[in-house]
Amino acid sequence: MIQVAKTAGFCFGVNRAVETVYKLLHEGKRVCTLGPIIHNPQLVESLRRQGVRIISAPEEAEVGETVVIRSHGVPPEITERLERRNIPYVDATCPFVMKIHRLVSEGSAAGRRIMLAGDAGHPEVEGILGCCKGPYSTFLTADALEKMFQNDPELAKTPLLFCQQTTFNVEEWEKCLFFIKKVCTNASVFDTICNATANRQQEAKTLSAESDLMIVVGGRHSSNTAKLRDVCAASCETYLIETADELKALPIAGRRKIGITAGASTPASIIKEVLVTMTEINETNELNFEEMLEESL
Ligand code: F3S
């Protein structure tokens, strides 16, 4: 049996960003995106064939182009640089990320040190940290957070503001929260993990606990896809793939229950292709099994 998670695929914010690019193309605009619009090489390649360029800095945008800012968001200084050059842009930052920008900007302006649970090298985190008007720290695990407080005992009394990268692991955050409640005396704590992520991770956890094998479909550079893989791998054998072609090399034969989930930047068309290919492989397996039975009689 093959079961596809209901929450697999594009989330609201990613869908909105991709739709923004298509809408501009439809209007006849020349479009470039600040970084790949989503972590899906197949969709990015399809957009490239339609003329969408990827740039890595505002200065690379050409006159006549419209820049799209992806759902991860950017630090405010990036949009300031676009405005200084008079380059038109459409900000497709996910509203849930925007909310963190506001919290961080207001909290740090009010004198709170920003404590962000997230990956310092991730573009969403870079965008959030760009809104800080004072000191900040990032941490990836409850252990790392605890060490930070051990190294600086004054931190527990400092005015702090805690929030999380939208795709942060829910269980790891719960461990962090347990520690924060025990130690901090002046902390504002906000839950900024996106529901789409939390629901997807929860469903992946349930589905992987019921499956022999899990297939996670998504870009290898996508952090939410990597987290889904980690969640599933805790319960059963798990493989991360980008396209249906990769299924051929996987030990799918003989598995009774296979679950499929997909990251937030995986188009529905790729999930469908994976499902169709897996169904074909499974049918072939059943056929071979019957043939083997006949031969042994
Ligand atoms: Fe937005 Fe949540 Fe998606 S923050 S981009 S809806 S994962």
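The values are calculated or read from the model by the stated rules, or taken from the named source; none is laboratory data. If you're wondering where the values come from, they're calculated on a predicted model, not measured in any experiment. When we count neighbours, we look across all protein chains shown, and the Cβ atoms used for this are built from the backbone with ideal geometry, even at glycine.
Some points to look at:
- Among residues of the stretch 237-258 that are at pLDDT below 90, those with a beta-carbon under 7 Å from a residue that is assigned to a helix (DSSP H, G or I) at least six positions away or on a different chain give the pairs 252/278; 252/281; 253/285; 254/285.
- If you go through the stretch 223-243 and pick out every residue that is among the polar types (S, T, N, Q), surrounded by fewer than 21 Cβ atoms within 10 Å (Cβ to Cβ) and within 19 Å of residue 14 (Cβ to Cβ), you end up with 1.
- Scan the stretch 219-232 for residues that are in contact with a Leu (Cβ under 9 Å, 6 or more places away or on another chain), part of a helix (DSSP H, G or I) and not hydroxyl-bearing (Ser, Thr, Tyr) and the total you get is 4.
- Looking at 48, 16, just one residue is free of Cβ contacts under 8 Å to residues at least 24 places away in the same chain, in a helix (DSSP H, G or I), not assigned by TED's automatic domain parsing to the domain that holds residue 202 and not aromatic (Phe, Trp, Tyr), and that residue is 48.
- A single member of 82, 116 is buried (at least 16 other Cβ atoms within 10 Å of the Cβ) and away from the ligand (no atom under 16 Å from the Cβ), and it is 82.
- Candidates 154, 172 - the one that is over 20 Å from residue 69 (Cβ atoms) and touching a Leu at 6+ places or on another chain (Cβ under 9 Å): 172
- For the stretch 85-96, filtered to residues that are of a type outside the set (S, T, N, Q) and assigned to a loop (DSSP other than H, G, I, E, B), the residue that is surrounded by the fewest Cβ atoms within 10 Å (Cβ to Cβ) is 85.
- Test: residue in the stretch 255-269 that is in a helix (DSSP H, G or I) and among the polar types (S, T, N, Q): yes
- Meets criteria (polar (S, T, N, Q), part of a loop (DSSP other than H, G, I, E, B), under 21 Å from the mean Cα position of the chain (by Cα) and not assigned by TED's automatic domain parsing to the domain that holds residue 223) for residue 71: yes
- Residues being surrounded by 23 or more Cβ atoms within 10 Å (Cβ to Cβ) and away from the ligand (no atom under 14 Å from the Cβ) - total across the stretch 6-30: 1
- Odd one out for residue 186, checked against (1) under 16 Å from the mean Cα position of the chain (by Cα); (2) free of Cβ contacts under 8 Å to residues at least 40 places away in the same chain: (1)
- For the stretch 85-113, a residue qualifies if it is more than 14 Å from the ligand (Cβ to nearest atom) and in contact with a strand residue (DSSP E or B) (Cβ under 7 Å, 6 or more places away or on another chain), and the qualifying residues are 87, 88, 89, 90, 104, 107, 108, 112, 113.
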